[in-house]
1. Report yes if residue 4 is at pLDDT below 85 and either in contact with a strand residue (DSSP E or B) (Cβ under 8 Å, 6 or more places away or on another chain) or part of a helix (DSSP H, G or I) (or both), otherwise no.
2. For the range 41-64, what are the residues that are under 14 Å from residue 21 (Cβ atoms) and modelled with pLDDT of 80 or more?
3. I'm checking my understanding of the structure. Among residues of the range 35-50 that are in contact with a Cys (Cβ under 7 Å, 6 or more places away or on another chain) and under 10 Å from residue 10 (Cβ atoms), which one is surrounded by the fewest Cβ atoms within 10 Å (Cβ to Cβ)?
4. Within the range 14-37, can one find any residue that is over 17 Å from residue 56 (Cβ atoms), in a loop (DSSP other than H, G, I, E, B), in contact (Cβ under 8 Å) with a residue 24 or more places away in the chain and touching a helix residue (DSSP H, G or I) at 6+ places or on another chain (Cβ under 8 Å)?
Amino acid sequence: MVILDSIEQMNAIAEQCEYFSPEYKNMSNSKEVIDKGINCTMCLHYDNGKCGIKDEILTSMDQT
């Protein structure tokens, strides 16, 4: 069973991740990023939902 992170979680994780690296050059100027912000799927390190960093960040985030 695969558990998918919500887009809200992926936004919050990407915002806090010191290793976030945009997959494409000039991505930060794209309409999608300007409108919705960054998320894990936009990161060079995100590989089909697998990222050791995101789990560590999610665990350390305040879940209240």
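1. Numbers: at pLDDT below 85: yes; either in contact with a strand residue (DSSP E or B) (Cβ under 8 Å, 6 or more places away or on another chain) or part of a helix (DSSP H, G or I) (or both): no.
When the stated conditions are applied, residue 4 does not pass them.
2. 41, 42, 43, 44, 45, 46, 47, 51, 53
3. For the range 35-50, the residue satisfying everything is 46.
4. Taking every residue of the range 14-37 in turn, at least one turns out to be over 17 Å from residue 56 (Cβ atoms), in a loop (DSSP other than H, G, I, E, B), in contact (Cβ under 8 Å) with a residue 24 or more places away in the chain and touching a helix residue (DSSP H, G or I) at 6+ places or on another chain (Cβ under 8 Å).
The values are calculated or read from the model by the stated rules, or taken from the named source; none is laboratory data. Remember, it's a predicted structure, so these values are computed and weren't measured experimentally. Reconstructed Cβ throughout: ideal geometry from the backbone, glycine too, with neighbour counts over all protein chains shown.
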